[in-house]
Amino acid sequence: MGCTSSNTYAGPHGPGPLMMFQEQVKVMQRQQTLDVRSLTMLIWKARNHPEFQRIVLELVALNANERNSFVGIEFYLPQLVHMMVHLEIDWPVNTLEQFALMVSQQSMHLALQMCWTLVGLMEDYESEDAEGNRNPGADPLLYNRCATLLEKLEVAVVYGSPQCTVFEQLFRDGKVSRAELAELEKADRKAQALLISSQVPEKLNTGMFDGRLLYKRWKARGGLHTERWIERRFVIGHRVLYCLRTSDNFLKRSIPLHDCRVVVPNDPPKSHPWYFELHEMERDRKYLLAASSQEDRDAWVQELNKAINAPPKGVEGLKPERKDGEADIDVDTLTPAQVARYGFYRSERDFVRLLTDICEELRFEDRGERKTKLRARLAKLEIPGCVYIPLCGSTEAWERIVRVIPEQSTAFSTKERCPCIMTFETTNDDPERTQDVATYLYQTLGFDSAAETLLDGDFEDSVSLSYVSGNGTDPEPGSPSENADLASSSASWESARRRALARSRFVRSARSSVTSVDMDPQELRESVTGGGSSRTGSESETGGLHRTETSQSVDMPNIWFEYDPTASESKDEPETEDKKNRKPSFAGKSALAGAAASSSPSTSAGEGTSSERPEEVHDRKSLQVESLALQAIDFFEKRSRSIAKSPGGANGNGSTMAPPLSSSKSTMHGSFMSTPRVATRPKGVYLAALGKYLLRDDASEAEGAPEKTVKPSPVHGEGPPIGKLLAKSNDDLRQEAFIMQLIKFLHDIWADQNLALWIRPYKILSTSQSTGMLEVLQNSNSFDGIKKDNNNIRIGDFFRQKFSDPDELAAVQQRYTESMAGYSLVCYILGIKDRHNGNIMLEEATGRIMHIDFGFVLGMAPGKDKVKHTNFSMERAPFKLTPELVDAMGGEKSENWARFKDLLVQGLLEARKHLDTLVTMIEITGYKSRLPCFNQPGGGVERCVRELKERLMLNLSETQLDKKVRAMADKAAHSTGTIIYERFQLWSNGIAPVLY
């Protein structure tokens, strides 16, 4: 995996950072896949040598679309973003910034992860905290850096890679292979990243809207911050409203506009007739503003609304062409795919923020009423058709949210916050369940013209296709046999149809989320009724189809380039005379006409070059079918709507037959049709016919092509798939997310060595400084809950009572031992404390334990350092272990107890080999960090690193370490401090102890 596959570095007396960097670059350049761990460490260690960073960008650009490399990029993303913000501000070349913009074009999911990370950092450096008080750690330079990066990220997402549509056509025409397509796309992403990075301004400049206003600030739960009006200079830039002191332009405060609303009251105060308000929804604050004239106020309202709602401005080379008289970028000037990408990106951010806002609202409700009010609130929740649970990776299976399930959602009654478990019905939108998150979003929203050529020109002037039924004859239009034949499509065609329909709805939802906000009512009415715009999916008066929003690209190969050392590269082929004279398959015709005309066995549609591998031919055909399915669906939907609007049907007599095509005749040669026919069938029928023809065995199967099988959807219990998340507010989850990253790293290095240490990393997503969400550990209960539900039963007795079969009990105890060893070692290495029994979960069916809640880590502990230089803590043991927990293994004389010690030794020895990686991750994350674990009295990051090295026992030999670890386990099992802490938690919080 990308997060563990690298060698360790030389020790402190080895080569210096510069020489090490040069040597490692040479090694990485020879590798076929990108070692992201080595890359991340080298960037950090060579941070004082920015001249080498351009080489790093070349390495990233070379391998960024290789799946294993991308997994590594995603794993180390927090460190890469942290360095991008804090280091590159002093570098002459924005290497990491360009890297971020490159991968954002490839994965919108990754762009969202970076966005939420930047939002948290941005809040760290703003001028005032959430309560409106001055922030002692304010840094206007870093704040503006984060705001600029957010804007650049949005530009990269919305405008994407402009040339990819051209490259896609080349691939579909068979002019380039998949490998060549991947190279072209990488080059285009790199070029666009450089363009965006260089042209979006970093500083507040004169081109931004600014002026002077009178203002007061209002806190919803605290009243007015000041009673008097103050004159300030305001500047709109990077979707932020900057408030500056007029005398010296000192930044007083800044207001992110992504979640704001402008309000112009009907009855302004007489003293300030040009008064308006800016409501900051997330923090429940509002700003009272007064302009000097109506013209001035209208200008401010217009510019603020534009900054809140309008898509980002493109840079030269990315801006869409504008007609004469168009003043600025708005939704109507974007292409359909750009509108859809902007709609999806904003909808997902707004949806996640809405979930955490619900938790914040319930925090102020009576604790006994929280569950009822949560379910009532969720019952009214409108789910956009283009959102998903973002607790996943780019290479994990795509799951879209369909609806919320209020009755399976609940709220917790804690004092300071209100965490909520929210439950959703989900769908993968893919009958074969073959697509991951990045691929689905890329293929669905990535392009404008996957199927445009199917509709370009006059369809009636193209070759008309005869509908081929099962018996070789044409059924009457609208007859039962026609409908029956359509219903009996092959499994592959049905799979493509369902996938295309789901994508069509997804794109419509993404686009409507933008148009419903950003278009005025008249424009929206014209869009819905088909006022002539080619982007609105309207039909012409003659019934001909125009370009629709369903024409988003689905005709693309997989986004990932899988490295295959045995595959032949087309660029290495000798250039033959035939290759020199090769022409596009669809030259001079629409894609549909070309596909039909070239459908003979020797030149069937999509076969491409003779050098293509069989699986590439098969993939191209399948993707073409999916595109055709999407077009057929669009036609049938429009026909159904037109029929529904007409009494008695389209012909006034109840018939559902669509108007015929033109009566022009056309002759097609080859195996598909050889007799001239009059075109009398609806377009959708012909599209369906061609799709089924392309999937016929004699047309689509090639030697070596993968079998076309439909995979059944996995069973998720009874009913549809269910997704759960735990949403939180008033809680900074970034420290927990970082510790979980370290836990995942330990999990991977132990798994790579096939060690039996079992731990269960789970997803944690921080969406701001005070909000986020976590993966729900299902089918588990805390030690505290198990004891309270079972009359304070001992854990060992619980196992023996639940598993009466001796073999089954032995298997459960073994799994329990392996997980206890894994988490004991994790808690020891990372210095995790506050291990009460509400923070330790048990999978009752398997016997495995899991730890949650990492508020005290890397040397922190309840009571420790509360007063400066105070080191007192009840949890003095290296990890939590009591006689009761040992008894659940089988006792101190059991084989499991000896195995427990063996696993501790093996895991610690392996962790020592990766000291440099652990230290580097801590150093990067702790650099200028606000996380509590890096701001302890007595040293901060340096202290964390020093204590980590001590716990890894670097001064001991393997024999000495073995002896000490076994003694450490015996000591932990009988620690007086652990017993005292168990009793303290029972007395203070009512948490049941595990004692004897």
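The values are calculated or read from the model by the stated rules, or taken from the named source; none is laboratory data. Values in this document were obtained by computation on a predicted structure and should not be read as measured data. FYI the Cβ positions are ideal-geometry reconstructions off the backbone, even for glycines, and counts take in every protein chain you see. What goes into the accessible areas is simple: the full protein's heavy atoms, side chains included, and nothing from ligands, DNA or RNA. Shrake-Rupley method; radii C 1.70, N 1.55, O 1.52, S 1.80 Å.
Some values worked out for this structure:
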{"quantity": "Potential extension, Leu170-Asn790 segment - 0.36 nm per residue separation minus Cα distance", "calculated": "216.5 nm"}
{"quantity": "Chain lengthening between Gln302 and Ser413 when straightened (0.36 nm per residue, less Cα-Cα)", "calculated": "35.7 nm"}
{"quantity": "Convex hull volume of segment 24-199 per residue (C-alpha atoms, cubic angstrom)", "calculated": "119 Å³"}
{"quantity": "Neighbourhood net charge (12 Å Cβ-Cβ; Lys/Arg +1, Asp/Glu -1) for Leu881", "calculated": "-2"}
{"quantity": "Carbon/sulfur fraction of accessible area - segment 731-989, other protein chains in place, 1.4 Å, %", "calculated": "49 percent"}
{"quantity": "Normalised convex hull volume, segment 203-314, alpha-carbon set, Å³ per residue", "calculated": "116 Å³"}
{"quantity": "Theoretical gain in end-to-end length, Asp805 to Ala397 [0.36 nm per residue, Cα-Cα removed]", "calculated": "143.2 nm"}
{"quantity": "Long-range HN-HN contacts of Thr426 with modeled amide H, under 5 Å", "calculated": "Val402, Ile722, Gly723"}
{"quantity": "Accessible surface of segment 104-262 [probe 1.4 Å, protein heavy atoms]: carbon and sulfur percent", "calculated": "52 percent"}
{"quantity": "Simple spin-label estimate for Ile722 and Asp129 in nanometres, 7 Å along Cα-Cβ", "calculated": "4.0 nm"}
{"quantity": "Modelled FRET efficiency - R0 51 Å, Leu777 with Ser293, Cβ distances, 0.05 increments", "calculated": "0.30"}
{"quantity": "Interchain or long-range residues, amide H under 5 Å from Ala877's placed H", "calculated": "Thr978"}
{"quantity": "Rounded accessible area per residue of segment 203-314, 1.4 Å, Å²", "calculated": "50 Å²"}
{"quantity": "Backbone N within segment 242-269 under 19 Å of label point (7 Å from Trp229 Cα along the Cβ vector)", "calculated": "243-247, 263-269"}
{"quantity": "Carbon/sulfur fraction of accessible area - segment 338-452, other protein chains in place, 1.4 Å, %", "calculated": "45 percent"}
{"quantity": "Å² of accessible area per residue within segment 338-452, as computed with a 1.4 Å probe and no ligands counted", "calculated": "35 Å²"}
{"quantity": "Pairwise label distance in nanometres, Gln199 with Lys26, each label 7 Å out on the Cα-Cβ vector", "calculated": "4.0 nm"}
{"quantity": "Segment 731-989: radius of gyration and largest Cα-Cα distance (Dmax), Å", "calculated": "18.0, 55"}
{"quantity": "Taking all pairs of distinct alpha-carbon atoms in segment 730-854, Kirkwood radius in angstrom", "calculated": "15.6 Å"}
{"quantity": "Tail weight of P(r) past 25 Å, computed on alpha-carbon pairs of segment 842-996, percent", "calculated": "41 percent"}
{"quantity": "Cα Rg over Rh - segment 338-452, Kirkwood", "calculated": "1.06"}
{"quantity": "Relative contact order (percent, whole number), segment 24-199, Cα cutoff 8 Å, 6+ residue spacing", "calculated": "21 percent"}
{"quantity": "Cβ-Cβ FRET estimate between Asn249 and Asp350, R0 fixed at 22 Å, reported to 0.05", "calculated": "0.10"}
{"quantity": "Per-residue HN-Hα couplings for segment 67-72 [Karplus 6.51, -1.76, 1.60; θ = phi - 60°; Hz; x = Gly/Pro]", "calculated": "4, 5, 5, 5, 4, x"}
{"quantity": "Across Lys880/Lys901; Lys380/Lys763; Lys45/Lys190; Lys763/Lys787; Lys893/Lys971; Lys203/Lys928, pairs whose alpha-carbon gap is larger than 19 Å", "calculated": "Lys380/Lys763; Lys45/Lys190; Lys763/Lys787; Lys203/Lys928"}
{"quantity": "Arg239 long-range amide H proximity, modeled H, under 5 Å", "calculated": "none"}
{"quantity": "Area accessible to solvent at Tyr762, 1.4 Å probe radius, in Å²", "calculated": "10 Å²"}
{"quantity": "Farthest toward positive dipole pole in segment 203-314 [+1 Lys/Arg, -1 Asp/Glu at C-beta], among Leu244, Ala310, Trp274", "calculated": "Leu244"}
{"quantity": "In Hz, Karplus ³J(HN,Hα) per residue of segment 417-428 (6.51, -1.76, 1.60; θ = phi - 60°; x = Gly, Pro)", "calculated": "8, 10, x, 10, 8, 10, 10, 10, 7, 10, 9, 8"}
{"quantity": "Label-point separation, Glu947 to Asn309 (7 Å along Cα→Cβ), nm", "calculated": "5.2 nm"}
